[in-house]
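> There's a structure below that I have some questions on.
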Amino acid sequence: MKPQIAIFGLGRMGSQIARRLHKNNFTVFAWNRSEESVKEIKQAGIAASQNIDDVIKHFTDKQRIFWIMLPHAIVDEFLFGGLSAHLRKGDIVIDGGNSFYKDTVERSKKLAKKGVTFFDCGTSGGVWGERNGFALMVGGPKAQWKKIELIIKTLSSGDNYAWLGESGAGHFAKMVHNGIEYGMMEAIAEGYGVLDASKYKYNLKDVTRVYQKGSVVRSWLIDLCRNIFETENLKKVKGKIDTTGEGEWTVKTGKELRVDVRVIADALKVRKESASAKNQKKFSNKMVALMRKQFGGHEVHKK
């Protein structure tokens, strides 16, 4: 029997998770602070509310599973504020957002005192996850893993998920994943910047088409670059690249572990420097901003 699950947070990722589980015949309830997101998810046939009490009342199973998909800055406020009063011994909470792994470990300890099991789930897949499946990196008590594995497997494409270790392991792996992403995107964007500045006046769609098949650099990010050159007007884009924390956490953790992470550190520096208007004119910065839009639906600043 498939477990019931409540999803808290209906942003780009949370709403996709709710819909993918619902489509696979899970009983899903959802909460969001804003009315618009609640109305939208209701149209998919999912019971939803802006009131936590209303969501909790839908549970009929003894085993209750809560998935939170919120910005890392408000997780403590929600978890130990709004949701805390509703948690009871035996409940399971999964944090599928991008939380710092050290915060995750502390949250796990606090919830364990209440008899609540806490899993961290690094979630990757962007705006394509609902259709294609997410990549899921899970940390938490192995003894309870089987209780949530069916949920995780359903959200994946079938085999791109794993329990990776005790509390924090999932968020640590996702942190590093995003740090790698910073470096990869920056390298690709800088390469295209060199092509664009050359004397050859390349049609970058043609270059990308060649890169896409059989080349050493072929990848999903290169595929997204093809989309950019076919659908975007780079002249109208500002190369302002927002950061959400994971790259900085990777650099900080690398230094703590005495690991050389200079490429990721440089990519992070570029993102911070993109706040300056003069750096927003860089072709490479525009490319990174547009890659983020392509895979994650992130906002692109326009001139």
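The values are calculated or read from the model by the stated rules, or taken from the named source; none is laboratory data. Quantities reported herein were computed from a predicted structural model and do not represent experimental measurements. With ideal geometry, Cβ positions are generated from the backbone for all residues, glycine too; neighbour counts draw on all protein chains shown. To get the accessible areas, we keep the full protein, side chains included, count just its heavy atoms, and leave off ligands, DNA and RNA. Shrake-Rupley method; radii C 1.70, N 1.55, O 1.52, S 1.80 Å.
> If you check W220 against the conditions, is it out of contact with any Phe, Trp or Tyr (no Cβ under 7 Å at 6 or more places or on another chain), among the hydrophobic types (A, V, I, L, M, F, W, C) and either farther than 14 Å from A189 by Cβ or free of Cβ contacts under 8 Å to residues at least 24 places away in the same chain (or both)?
Criteria met by W220.
Condition check ((1) at pLDDT 95 or above; (2) open to solvent by less than 40 Å² (accessible area, probe 1.4 Å)) across all residues:
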| site | (1), (2) |
| --- | --- |
| N98 | no, no |
| D103 | yes, no |
| K113 | yes, no |
| C121 | yes, yes |
| G129 | no, yes |
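> Then there is this: Using the structure shown, decide if A85 is under 14 Å from L111 (Cβ atoms) and free of Cβ contacts under 8 Å to residues at least 12 places away in the same chain.
Spelling it out, A85 is indeed under 14 Å from L111 (Cβ atoms) and free of Cβ contacts under 8 Å to residues at least 12 places away in the same chain.
> Identify, by number, the condition in (1) open to solvent by less than 20 Å² (accessible area, probe 1.4 Å); (2) touching a residue at least 60 places away in the same chain (Cβ under 8 Å) that V270 doesn't meet.
Every listed condition holds for V270 apart from (1).
> If you don't mind, another one. Looking at E230, E248, which one is over 21 Å from K286 (Cβ atoms) and either open to solvent by 60 Å² or more (accessible area, probe 1.4 Å) or touching a residue at least 40 places away in the same chain (Cβ under 8 Å) (or both)?
E248
> Go through K114, K109 for me and flag whichever is closer than 21 Å to I5 by Cβ and among the charged types (D, E, K, R).
Being closer than 21 Å to I5 by Cβ and among the charged types (D, E, K, R) holds for just one of K114, K109, which is K114.
> I would also like to ask the following. Only one residue in V270, V259 is over 14 Å from E181 (Cα atoms) and either touching a Ser or Thr at 6+ places or on another chain (Cβ under 7 Å) or modelled with pLDDT of 95 or more (or both). Which one?
Unique residue meeting the criteria: V259.
> Return the residues of the stretch 2-25 that are under 20 Å from L70 (Cβ atoms), open to solvent by 10 Å² or more (accessible area, probe 1.4 Å), out of contact with any Gly (no Cβ under 6 Å at 6 or more places or on another chain) and assigned to a helix (DSSP H, G or I); say none if nothing qualifies.
Listed by number, the residues that qualify are M13, S15, R19, R20, H22.
> Among the residues of the stretch 194-226, write down those that are of a type in the set (A, V, I, L, M, F, W, C) and either in a loop (DSSP other than H, G, I, E, B) or open to solvent by less than 70 Å² (accessible area, probe 1.4 Å) (or both).
L195, L204, V207, V216, V217, L221, I222, L224, C225
> Which residues, taken from the stretch 89-123, are part of a loop (DSSP other than H, G, I, E, B) and under 21 Å from the mean Cα position of the chain (by Cα)?
Scanning the stretch 89-123 gives G96, G97, N98, S99, F100.
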